[in-house]
């Protein structure tokens, strides 16, 4: 660590990380599956920010990790939309019960174990 | 002057442990998958923080991208198991049977022993020892590359890396043995969002994957990271049905599966002789050989991961009892 700027950037990274706690809460509580998935996407975006803020203190190779995260974090959302439609068409505007904002616990759920 | 980083580390470590508890304790499978994706994201941050950007790259590409899509597809597969028995079959498959108390106790005892062994090993290890840094940096001039991690993976410890590639090959062989058949559902027309997303991201991912492979010789990156990123291209092509596997593509796919393993093993054996053992590349050709191996292994990894995501050998099946579904 050298210089107040790096200290400040690391503090900012810690702050962004702390705000991701709210996203973790949303992943945990839901209630809808889309809520959980969008919260995971928010963690992905926040993770990119954290990595970029850490780069001066941690080495610039961290920027490549941020690049990969930015490109591939969306893949889970793509898989989610595709797997949420029975025919796999993945049209978000298709009227589909599994994408509807319902509580998964009250659905005739197949996943409640 | 490490105070702000300690704050960051405590937050990160606490979140990761909480997520690990959550992913194991949550009952809803979909929630477990999302929590696991987030766990992978934060693990990538932890690896970056531990000054291991190579591992962070692999974790970011595989842990968050490929694994998440793979798990979601598996869940979809379980839900829409087949036309007649959808919900019942899925419920049977995902039902959690109560575990006998004895099994729990035995598991706890075993985990305790492992933890104890790890603790003993950690406490018994020389604290802040030199590790293998000196050995590696001494041998770097003979490795043919400038990045120590690549030198270890593809030169000093190449046999181990070859076995890692073989694991992927074995996995895809096993999957093709078990699952066969075509995607029966006719491909629906792609929506505007889809077409736009694929058009924007696919070229960028190809460039980034190739970039990671290329810079692996002198900086964090390399075959596994590049291969995992390029596998995402395959996943997107399959998901968007821009590419639909056909039975006639199997030959090419098989060649792609064995290309990395075959060339890696072939180079290792061909450099023997003249006083050298297997994997002992002649220093003047080391860089060329390593780049050749890395490039072909990258292709194999990308194609294999994409094939694992597709999850079945594309064979035209006529048997009516086929249980394959979309």
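Look through the range A:1-22, keep the residues that are more than 8 Å from chain B (Cβ to nearest Cβ) and within 22 Å of residue B:21 (Cα to Cα), and return whichever of them is modelled with the lowest pLDDT.
Per the criteria, the residue is A:22.
If you check B:202, B:242, which single one turns out to be modelled with pLDDT of 80 or more, within 30 Å of residue B:72 (Cβ to Cβ) and in contact with a helix residue (DSSP H, G or I) (Cβ under 7 Å, 6 or more places away or on another chain)? Walk me through it before giving the result.
Working: B:242 fails: modelled with pLDDT of 80 or more.
Going through B:202, B:242 in turn, the sole match is B:202.
Please enumerate the residues belonging to the range B:271-294 that are surrounded by fewer than 17 Cβ atoms within 10 Å (Cβ to Cβ) and assigned to a helix (DSSP H, G or I).
Scanning the range B:271-294 gives B:283, B:284, B:285, B:287, B:288, B:292.
Residues checked against (1) within 20 Å of residue B:53 (Cα to Cα); (2) over 22 Å from the mean Cα position of the chain (by Cα); (3) in contact (Cβ under 8 Å) with a residue 12 or more places away in the chain:
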| position | (1), (2), (3) |
| --- | --- |
| B:131 | yes, yes, no |
| B:136 | yes, yes, yes |
| B:142 | no, yes, yes |
| B:147 | yes, no, yes |
| B:151 | yes, no, yes |
| B:154 | yes, no, yes |
| B:159 | no, no, yes |
| B:165 | no, no, yes |
| B:168 | no, no, yes |
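Given A:10, A:16, A:27, which one is out of contact with any strand residue (DSSP E or B) (no Cβ under 6 Å at 6 or more places or on another chain) and under 22 Å from residue B:54 (Cα atoms)?
Values: A:16 fails: under 22 Å from residue B:54 (Cα atoms); A:27 fails: under 22 Å from residue B:54 (Cα atoms).
One residue alone meets the criteria, A:10.
For residue B:9, state whether it is part of a helix (DSSP H, G or I) and within 21 Å of the chain's Cα centre (by Cα).
no
Results for (1) more than 19 Å from the chain's Cα centre (by Cα); (2) facing chain A (nearest Cβ under 7 Å); (3) at negative phi, shown as yes or no for each residue.
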site: B:27; (1), (2), (3): yes, yes, yes
site: B:41; (1), (2), (3): no, yes, yes
site: B:54; (1), (2), (3): no, no, yes
site: B:57; (1), (2), (3): no, yes, yes
site: B:63; (1), (2), (3): no, no, yes
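Filter the range B:29-39 down to the residues that are more than 25 Å from residue A:55 (Cβ to Cβ) and under 20 Å from the mean Cα position of the chain (by Cα), then identify the one that is nearest to the other protein chains (Cβ to nearest Cβ). Let's see the steps before the verdict.
The first filter runs over the range B:29-39 and keeps only residues more than 25 Å from residue A:55 (Cβ to Cβ), leaving B:29-36.
Remaining after also requiring under 20 Å from the mean Cα position of the chain (by Cα): B:32-36.
Working: B:32: 9, B:33: 9, B:34: 4, B:35: 6, B:36: 10 Å.
Ranking the candidates gives B:34 first.
Only one of these is crowded, with 18+ Cβ neighbours inside 10 Å and either within 11 Å of chain A (Cβ to nearest Cβ) or not in a helix (DSSP H, G or I) (or both): B:204, B:253, B:268, B:228. Name it. Working first, answer last.
Numbers: B:204 fails: crowded, with 18+ Cβ neighbours inside 10 Å; B:253 fails: either within 11 Å of chain A (Cβ to nearest Cβ) or not in a helix (DSSP H, G or I) (or both); B:268 fails: either within 11 Å of chain A (Cβ to nearest Cβ) or not in a helix (DSSP H, G or I) (or both).
So the residue among B:204, B:253, B:268, B:228 that is crowded, with 18+ Cβ neighbours inside 10 Å and either within 11 Å of chain A (Cβ to nearest Cβ) or not in a helix (DSSP H, G or I) (or both) is B:228.
The values are calculated or read from the model by the stated rules, or taken from the named source; none is laboratory data. Computed from a predicted model, the values in this text were never measured in an experiment. Please note: Cβ atoms are built from the backbone with ideal geometry, for glycine as well, and neighbour counts cover all protein chains shown.
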